[in-house]
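Only one structure is covered here, and it is reproduced in the block below.
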Amino acid sequence: MAVSKCTRLSGPLTKQVLDSVDSVLFDCDGVIWRGDQPIPGAPEVVNLLKKAGKRVFFVTNNSTKTRKMYMEKLEKLGFEASEDEVFGTAYCSAVYLKTVCNLQGKVYLIGSNAMRQELEAMGIEQVGVGPDPVSGGQKDWASVPLDPEVKAVLVGFDEHFSYMKLNRALQYLSNSECQFVGTNTDSRLPLEGGKAVPGTGCLLKAVETAAQRHAQVVGKPSSFMFKCMASKFKLEPSKCLMVGDRLDTDIMLGTTCGLKTLLALTGVSTVADAEEHQRSGCPKRQGMVPDYYVDSIAEILPALQA
Ligand code: PLP
Ligand code: CA
């Protein structure tokens, strides 16, 4: 199929591309749903892909839900889904700490209850979830009490993020043997109407700045998420299609791992963004140019209904 990159996926090409893969990886927010609303046609696309014998995976950088919570959300929105098809950063971070970091000890967690649950399911104890009480009148913050069993700091989305947590993370990370892991680096979470809120990337940057260290990042575009799936399901990269709405995370992940890539224009990135990367001539930016794009994944429906 000799087509140039960043091609609109339409007509017979859609079926050709679908026939060339056996697995489809969907980013979640901006591709199959926006917030709590499904993208129109997305449940039908997912369900028909499965009917056609394709394996489907849901790959999200959002660390605020467990696999079980995602499965429940997917089902509620009309997607046929099982827990083992979901790869979120709460789950993948726990796998990362267990398998890559070979962690023997506890985690100081800047994150959510969902992250705590995924860590515990993997047999990893955590401290730190929930608000860190502001110690009244404490002056010597550098001597804040620490748990000697903590051997890693994990940073994900945390609505209770605070100066005290930042300080505690710095104190743990001052020990060079303490491992440092972040769920993802998304700096902003876009909302309807052009609004946005700070993403986990802001919290992770704060901790990196304080600790003067770089975290190991689990989420897209790091290839770990794909490795995690590939090892469990024996995926052949060239037979996988990664569908995403962000060039710097989803499409970059797809390129790095050797997957086919499809940009859906229902989220963050635009075709103009992709063309700018393409025109730049910069080798690294070519990784952010998708093979194909569609206005919405609903556009692949006719190829599945035929
Ligand atoms: N992180 C958080 C906390 C989010 O709420 C979202 C989107 O809702 C994301 C990351 C990005 O998720 P995705 O990778 O599914 O686009
Ligand atoms: Ca997305």
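Quick note: the coordinates plus some simple rules give every number you see, no bench work behind them. Computed from a predicted model, the values in this text were never measured in an experiment. A quick note on method: Cβ atoms are made from the backbone with ideal geometry, for glycine too, and the neighbour counts reach across all protein chains shown.
Charges were assigned to the Cβ only: +1 to each Lys and Arg, -1 to each Asp and Glu. The resulting dipole of the chain about its Cα centre is roughly 480 debye. For region 136-244, GluC sites (Glu not before Pro) meeting the loop criterion (DSSP other than H, G, I, E, B) and having at most 15 other Cβ atoms within 10 Å: E149, E159, E177. Annotation: the antiparallel percentage among DSSP beta bridges lying fully within region 1-77 is about 25. The Cα center of region 1-67 and the Cα center of region 87-116 differ in position by 27 Å. Once C-alpha pairs closer than 8 Å and six or more residues apart are averaged by separation and normalised to the residue number of the chain, the relative contact order reads 22 percent.
Between the helical axis of 224-233 and the longest alpha-carbon principal axis of the chain there is an angle of about 60 degrees. Between the helical axis of 89-99 and the longest alpha-carbon principal axis of the chain there is an angle of about 70 degrees. Cross-link partners of K51 among aspartates and glutamates, defined as those whose alpha carbon lies under 13 angstrom from its own and excluding same-chain residues fewer than eight positions apart: D22, E80. Annotation: amide H of T7 within the under-5 Å range of Y292, Y293, sequence separation 5 or more or interchain, hydrogens built in the peptide plane.
In what sequence do M115, M288 fall when counting other Cβ within 10 Å, fewest first? Display every interim value, and only then the final one.
Numbers: M115 30, M288 26.
Going from least to most buried by this count: M288, M115.
Packing-based ranking of 72-81, 12-21 yields 72-81, 12-21, ordered from highest to lowest mean Cβ neighbour count within 10 Å. When each of F161, F226 is scored by the number of other beta-carbon atoms lying within 10 Å, the sequence from fewest to most is F161, F226.
Considering only beta bridges that DSSP places wholly inside the chain, some 10 percent are antiparallel.
Database remark: amide H of G182 closer than 5 angstrom to the amide H of V155, Q216, V217, V218 (H placed geometrically; neighbours at sequence offset of 5 or more, or on other chains; Pro and chain starts carry no H). Other residues lying with their Cβ under 11 Å from the Cβ of G244 contribute a combined charge of -3, Lys and Arg counting +1, Asp and Glu -1.
Residues with beta-carbon under 12 Å from that of L265, excluding L265: net charge, scoring Lys, Arg +1 and Asp, Glu -1? Display every interim value, and only then the final one.
Working: positive: R8, R246; negative: D245, D273, D295, E299.
For residues surrounding L265, the net value is -2.
Where only DSSP H runs of four or more residues are counted, the chain gives -9500 deg cm²/dmol as its mean residue ellipticity at 222 nm, each run worth -39500 (n - 2.57). Relative contact order for region 49-144: 25 percent, from Cα pairs under 8 Å spaced at least 6 residues apart, divided by residue count.
How much net charge surrounds A215 when only other residues with a Cβ under 10 Å from its Cβ are counted (Lys, Arg +1; Asp, Glu -1)? Write down the numbers at each step before the final one.
Numbers: positive: K205, R213; negative: E208.
Summing Lys and Arg as +1 and Asp and Glu as -1 gives +1.
Taking the number of Cβ atoms within 10 Å of each Cβ as an exposure proxy, the fewest-first ranking of S93, S296 is S296, S93.
When only alpha carbons are used to place a centre, region 258-288 and region 169-183 end up 34 Å from one another. Taken over the chain, the percentage of Cα pairs per 10 Å bin, counting from 0 up to the bin with the maximum distance, is 6, 27, 33, 21, 10, 3, 0.
Tell me, what is a quarter of the convex hull surface for the C-alpha atoms of region 125-273, in nm² with one decimal? All intermediate terms of the calculation are to be shown ahead of the outcome.
Numbers: hull surface 46.5 nm².
Convex hull of Cα atoms, orientation-averaged projection: 11.6 nm².
How high is the relative contact order of region 153-306, given as a whole-number percent (alpha carbon pairs under 8 Å, six or more residues apart)? Don't skip to the answer; put the middle values down first.
On the way: 224 pairs, mean separation 24.1, N = 154.
Once divided by the residue count of region 153-306, the mean separation gives 16 percent.
Selection among Y70, N47, C6 by position relative to the dipole of region 1-155 gives C6 as farthest towards the positive end (Cβ unit charges, Cα centre).
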